[in-house]
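Each remark here refers to the structure printed beneath this line.
Coordinate-derived values only; no laboratory data. Not measured: the values here are computed from a predicted model. Please note: Cβ atoms are built from the backbone with ideal geometry, for glycine as well, and neighbour counts cover all protein chains shown.
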Amino acid sequence: MYSACNTVEYDNLINQAWRDYQNGANSALDDIYVVLMPFCLRVSSKTCNRYISEQDEEAGIARMAFLEALEKYDIEQGRFLLFLGNVIRNRIIDYKRKEKKRNLLTFSFLTREGSDMAEAVDNSFFEGIMDDLARKQEIEKLNKLLLEFNIGFKDLAGVSPRQAKTRVNAQKIAMLIAENEELKSYLMEKKMLPMKELEARWQVNRKIADRYRKFIIATTLIYLYEFPYLKSYVLPMTRGDENVC
Amino acid sequence: MSARKAVVVEVGKGWAIVLEPDGEYKKVMTSAYLEVGDSYQLKSGTKFKYLTAAALFLTILLGSIDYYTVQAYAEVSSLVELGVNRWGRVISVQAKDKEGQIVLDTVKIRNDRLETAVEKVSQAIKEESPQMKGAIQTDSRSVKSKNKSNRNLEEKMLKEIDKGLERANKSNNIKNKVIKNNRNKAINQSLPQFRNPSNNEEMAESDAAINEEPEGQKQEKKPDHKQERVNQDDQLEKHKDIPGKKSKTDAVPPKAKQEKDANSKKNNSNDR
């Protein structure tokens, strides 16, 4: 199931599940749990400022907080995700404080976790997490697509054109491919760049197309699949345009 | 949206691959906690900053090392040896014997130009040890540079020493005259404590020397006749140097000495 967690449908889905849960349908919990767990974990991680996996103690606290939020939530309180985020964050901070009191002189006392934790956060904190998650979904999908072409992000970091001019050229080639049916189908079927075509009909510099093959493919894929977040990153723009936006 | 951040596309231990706002994929080294999808603020120019800091540090370090490296040793008299760096500044001072040590204790010449250092030292020698009268001679000076290729520096230093000696001589002559003047005044006023029998001979001699000098333009500063003459002599000596004329010993009575110092300072500033 793919839906960005900052869309209206997503909110509706959650609200629907919440209503079901309130009406006694415990199965609704399972559906919503899978959807919301990444968010819960991400909030925990950001609160603790380190990676929290499902096996960590903090994840358990997040789960409890999740149940608590479901119980206490009311439609008038605004978006469920924001409410949930706040509950999880507060519970984790409570837990950390207790922990600190119990063993004053453990390593946790020496780390600087405590200092960042108590900071108050507003809704933008959780909205930012939602954006991050949405972007993460896009990136994961792109990663899967790229694997079909045998391209990893590591390769991309290696072959990415360093000069702005070259980069814009490569991005223009990618755009060309994405907008042209023939070229597009060639790329998707053969998993290669239609070099001959590009060179003969579009006067594309073979050197650029060859050297930055992986970069061009990745960029084309982003155009093709209309990743809303990532697309804004790879649109060809010159310096002048940059200032405008 | 002018300052957009890069987005993290892959993370590992200590590194992350980010997609920059202009479409470039980049691997960054970071120990910060990041996850895929996070935005990442590129720290532009950190490398450059470190490089600049390092370069600056190195420059200062090497510069000061170079400054404190003795390039040549200048021997002004048989008493002292001065180490000079490439910019002609006195870096190290070494006395050859006890006498020299006493002289060096009285002057501060570190980081001075060789010219001024020589001047100070030669004055100090004259003041501190009258019996070493002949210690400073223009022909006893020598410069030995550490590496033989450094002829330029040697010559420059020799010139500076000459200048310094010259200036020391000048101010000494002036001093002597002022002292004489004071002494004459004292004699005129017939104060007995200023009559120093051991110096009478010399006094007469120098007085004779002054009398031999041809007369120059008149300067009217003080009504005192003798003072006037001395001033004339000063003027002359500024224009032509008399190499044979060496400074005279100064067995100065304490009061007169103080006055002399003040006067010589005045004269020095006039010189410059």
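What do you get for trypsin sites (Lys or Arg not before Pro) in the stretch A:125-228 restricted to DSSP loop and a cutoff of at most 15 other Cβ within 10 Å of the site's Cβ? Could the numbers behind the result be given before it?
Numbers: sites: A:Arg135, A:Lys136, A:Lys141, A:Lys144, A:Lys154, A:Arg162, A:Lys165, A:Arg167, A:Lys172, A:Lys184, A:Lys190, A:Lys191, A:Lys196, A:Arg201, A:Arg206, A:Lys207, A:Arg211, A:Arg213, A:Lys214; in loops: A:Arg162, A:Lys191.
In loop regions of the stretch A:125-228 (DSSP not H, G, I, E or B), the sparsely surrounded trypsin sites (Lys or Arg not before Pro) are A:Arg162, A:Lys191.
For the pair A:Tyr51 and A:Met195, how long in nm is the line joining their label points, each one 7 Å along Cα→Cβ?
Those two pseudo-labels are separated by 3.8 nm.
Taking H placed 1.01 Å from N in the peptide plane, check which residues at least 5 places from B:Tyr40 or on another chain put their amide H under 5 Å from its amide H.
For B:Tyr40, whose amide H was placed from the backbone, the distant partners under 5 Å are B:Ala6, B:Val7, B:Val8.
Cα-based Rg of the stretch A:150-244 per 2.2 N^0.38 Å, rounded to two decimals?
Values: Rg = 12.8 Å, N = 95, 2.2 N^0.38 = 12.4 Å.
For the stretch A:150-244, the normalised Cα radius of gyration comes out at 1.03.
Which of the pairs B:Lys5/B:Lys26; A:Lys136/A:Lys190; A:Lys100/A:Lys136 have their Cα atoms more than 23 Å apart in this structure?
Values: B:Lys5/B:Lys26 13 Å; A:Lys136/A:Lys190 28 Å; A:Lys100/A:Lys136 33 Å.
Where the Cα-Cα span goes over 23 Å, the pairs concerned are A:Lys136/A:Lys190; A:Lys100/A:Lys136.
Give me the compactness ratio for the stretch B:6-65, meaning the Cα radius of gyration over 2.2 N^0.38 Å. Display every interim value, and only then the final one.
Values: Rg = 16.2 Å, N = 60, 2.2 N^0.38 = 10.4 Å.
Cα Rg divided by the expected 2.2 N^0.38 Å: 1.56.
Mind checking the full-extension length gain between A:Asp74 and A:Asp122? Use 0.36 nm per residue of separation minus the Cα-Cα distance, one decimal, nm. List each step's numbers first, then the result.
Numbers: separation 48, 0.36 × 48 = 17.28 nm, distance 1.90 nm.
Extra length from A:Asp74 to A:Asp122 when fully extended: 15.4 nm.
Tabulate in residue order the Karplus-calculated ³J(HN,Hα) for the stretch B:81-94, using 6.51 cos²θ - 1.76 cosθ + 1.60 with θ = phi - 60°, rounded to whole Hz; enter x for Gly and Pro.
In residue order, the calculated couplings are 10, 10, x, 10, 8, 5, 9, x, 9, 7, 10, 10, 10, 9 Hz.
Relative to the compact-globule scaling 2.2 N^0.38 Å, provide the ratio for the alpha-carbon radius of gyration of the stretch A:8-141.
Working: Rg = 15.5 Å, N = 134, 2.2 N^0.38 = 14.1 Å.
That works out to 1.10 for the stretch A:8-141.
Using Cβ counts within 10 Å as a stand-in for footprinting exposure, how do B:Ser39, A:Ser160 rank, fewest first?
Numbers: B:Ser39 15, A:Ser160 22.
Fewest-to-most Cβ neighbours within 10 Å comes out as B:Ser39, A:Ser160.
Return the sequence-ordered ³J(HN,Hα) values of the stretch A:52-69 in whole Hz as given by the Karplus equation 6.51 cos²θ - 1.76 cosθ + 1.60 applied to θ = phi - 60°, using x for Gly and Pro.
10, 9, 5, 7, 6, 4, 4, 5, x, 4, 4, 5, 4, 4, 4, 4, 4, 4
So which of B:Lys108/B:Lys159; A:Lys172/B:Lys13; A:Lys214/B:Lys49; B:Lys98/B:Lys146; A:Lys141/A:Lys214; A:Lys144/A:Lys184 end up more than 24 Å apart, counting from Cα to Cα? Could you put the intermediate results ahead of the total?
On the way: B:Lys108/B:Lys159 21 Å; A:Lys172/B:Lys13 34 Å; A:Lys214/B:Lys49 33 Å; B:Lys98/B:Lys146 26 Å; A:Lys141/A:Lys214 17 Å; A:Lys144/A:Lys184 18 Å.
Cα-Cα > 24 Å for A:Lys172/B:Lys13; A:Lys214/B:Lys49; B:Lys98/B:Lys146; rest within.
Quick one: which residues, 5+ away or cross-chain, put their amide H under 5 Å from the amide H of B:Val93? H built at 1.01 Å from N.
Amide H neighbours of B:Val93: B:Gly83.
In terms of modelled amide H atoms, which long-range or inter-chain residues lie less than 5 Å from the amide H of B:Val11?
When sequence neighbours closer than 5 places are left aside, the close amide H contacts are B:Ile17.
Explain nothing, just the number: relative contact order of the stretch A:8-141, from Cα pairs under 8 Å at least 6 residues apart, as a whole percent. Could the numbers behind the result be given before it?
Details: 93 pairs, mean separation 31.5, N = 134.
Relative contact order of the stretch A:8-141: 23 percent.
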